[in-house]
1. Pull out all pairs, ordered by first then second residue, where Cβ-Cβ is under 8 Å, the residues are six or more apart or on different chains, the first lies in region 51-67 and is under 13 Å from Ala127 (Cα atoms), and the second is polar (S, T, N, Q).
2. Within region 112-131, work out how many residues are part of a loop (DSSP other than H, G, I, E, B) and of a type in the set (A, V, I, L, M, F, W, C).
3. Are any residues in region 27-50 among the β-branched types (Val, Ile, Thr) and either over 16 Å from Leu70 (Cβ atoms) or out of contact with any Lys or Arg (no Cβ under 9 Å at 6 or more places or on another chain) (or both), and if so, which ones?
4. Give me the helices (runs of 4 or more DSSP H) completely within region 16-111, filtered to those with at least 2 residues that are surrounded by fewer than 19 Cβ atoms within 10 Å (Cβ to Cβ), over 13 Å from the mean Cα position of the chain (by Cα) and of a type in the set (Ser, Thr, Tyr), ordered by residue number.
5. Do you know which of the residues in region 136-171 that are polar (S, T, N, Q) and within 14 Å of Thr123 (Cβ to Cβ) is surrounded by the most Cβ atoms within 10 Å (Cβ to Cβ)?
Amino acid sequence: MDYKSLIREIPDFPKPGILFYDITTLLKDSQGYRAVIDDLSARYRNDKISKVVGIESRGFILGAPLAYNLGAGFVPVRKAGKLPADVFEVKYNLEYGASSLAIHRDAVTMEERVLVVDDLLATGGTAAATVDLLRKLGAEIVGCAFMIELLFLQGRQKIEDCEVHSLMTYD
């Protein structure tokens, strides 16, 4: 499927000079959304994934149905202060400041096979922080899957030790 034909491009959002790739137009297309989930499911079907880890918030949109298809559990990685139980947190730098992510301490177990999922790989900071969180909890990262990868931002360099799979790329 030609996923790019279902992505709306919005110039100068959220600020001048930025070209925003709006996935809501793909998500509202029942065939497009189903194809994304089916393609990701097919890619990881034989990898014995026990948990799919979705990064807040659009990673939840892809991660939950993917986990269902793979017969895996779903684990949300959230911004600090959003999870109710005991959490493990990591702070990381963004291109425009700093942020932090949290995961429940009991979300994954030692050597559990996990797949990290998000909608977009840009600079790689959020994905790298998520991988760091999971490794500190002892998880085995099977891969990092994205719907879109912005190659020109070289985000995969921050997660070099994680196999990256992207359904579409932009140069």
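1. Hits for this filter: Val53/Thr130; Ile55/Thr126; Ile55/Thr130.
2. Adding up the residues that qualify gives 1.
3. Those that are among the β-branched types (Val, Ile, Thr) and either over 16 Å from Leu70 (Cβ atoms) or out of contact with any Lys or Arg (no Cβ under 9 Å at 6 or more places or on another chain) (or both): Val36, Ile37.
4. Where helices (runs of 4 or more DSSP H) fall fully within region 16-111 and carry at least 2 residues being surrounded by fewer than 19 Cβ atoms within 10 Å (Cβ to Cβ), over 13 Å from the mean Cα position of the chain (by Cα) and of a type in the set (Ser, Thr, Tyr), they are 24-27, 30-44.
5. Among those residues, the one meeting the criterion is Gln154.
Since every read-out is calculated from the coordinates, none of them should be taken as a lab result. Bear in mind the structure is a predicted one, so any value in this text is a computation, not a measurement. So basically every Cβ, Gly included, is an ideal-geometry build from the backbone, and we count neighbours across all protein chains shown.
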